[in-house]
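The values are calculated or read from the model by the stated rules, or taken from the named source; none is laboratory data. If you're wondering where the values come from, they're calculated on a predicted model, not measured in any experiment. Note: ideal-geometry Cβ built from the backbone for every residue, glycine included; neighbour counts use all protein chains shown.
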């Protein structure tokens, strides 16, 4: 085996590990957001952005990689991709948190069941990736299931489709952006930070925030949102750069399966026939 082949095999192996960490974490993270139910979805989102930025800044400083951040900031093409990806991931986070808060985690999990199809479609159509026959069969069955859901639920697919499309496009941006996973995520949260800080400041000035009311438990949870967000997402970005997008799509069934089980067995959400379609 040539050195190039060895490096490729090693990269793929690392990609598998990163993918398992990312999707396994996302599968159980609704349990964490539910602990913050006293906060509104927008406040949770704002703290998620802020404390992810803080955690990543500390991590990059300790690793002495601040120079990599400056290098990425000076590359217009990279920055354009990261600005787009920051908007996509912020929208994705917001919709998901809202879904957990209002008891629609089953709908959210359906979005991530759909997402692999979107990943495969983008990989084949835009990146010219090739699928094996068995993969095509899987895609066909998934598309058939999506069609059944669409005709049975109609407008009920707004949440699933929003999550699926935003995250698939985010994965595409991160795959083609020539930037390290932690550096890229730091810049994404940096782009979103002014909006997050502004929202938190206004919320606190009105006496509605967790810090102004000295709610210690929620304060700790808000700060933990940083590493809980950053580590899986950075793992996903690392996996996206090491694996074909179509391969990554098949890993993603782990997260929605865990989310679905959490919604039904832990949160007690109802599942109708349209959802199972």
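Among the candidates 201, 193, the residue that is free of Cβ contacts under 8 Å to residues at least 12 places away in the same chain and surrounded by fewer than 20 Cβ atoms within 10 Å (Cβ to Cβ) is uniquely 201. Against the list (1) farther than 23 Å from residue 33 by Cβ; (2) in a helix (DSSP H, G or I); (3) free of Cβ contacts under 8 Å to residues at least 24 places away in the same chain, the condition residue 207 fails is (2). Evaluate segment 100-111: report whether one residue or more is under 25 Å from residue 226 (Cα atoms) and either surrounded by fewer than 17 Cβ atoms within 10 Å (Cβ to Cβ) or without any contact (Cβ under 8 Å) to a residue 60 or more places away in the chain (or both). Within segment 100-111, one or more residues are under 25 Å from residue 226 (Cα atoms) and either surrounded by fewer than 17 Cβ atoms within 10 Å (Cβ to Cβ) or without any contact (Cβ under 8 Å) to a residue 60 or more places away in the chain (or both).
Picking from residues in segment 220-269 that are outside any helix (DSSP H, G or I) and in contact (Cβ under 8 Å) with a residue 24 or more places away in the chain, the one that is surrounded by the most Cβ atoms within 10 Å (Cβ to Cβ) is 252.
Considering only helices (runs of 4 or more DSSP H) fully contained in segment 92-202, which possess at least 1 residues that are touching a helix residue (DSSP H, G or I) at 6+ places or on another chain (Cβ under 7 Å) and modelled with pLDDT of 90 or more?
Numbers: elements: 105-125, 133-153, 158-176.
Once the helices (runs of 4 or more DSSP H) in segment 92-202 are filtered for at least 1 residues that are touching a helix residue (DSSP H, G or I) at 6+ places or on another chain (Cβ under 7 Å) and modelled with pLDDT of 90 or more, what remains is 105-125, 158-176.
Scanning segment 46-70 for residues that are surrounded by 14 or more Cβ atoms within 10 Å (Cβ to Cβ) and either more than 13 Å from residue 183 (Cβ to Cβ) or without any contact (Cβ under 8 Å) to a residue 24 or more places away in the chain (or both) returns 46, 47, 48, 49, 50, 51, 52, 54, 55. Of all residues in segment 33-45, none are buried (at least 16 other Cβ atoms within 10 Å of the Cβ), closer than 20 Å to residue 248 by Cα, within 17 Å of the chain's Cα centre (by Cα) and at pLDDT below 95.
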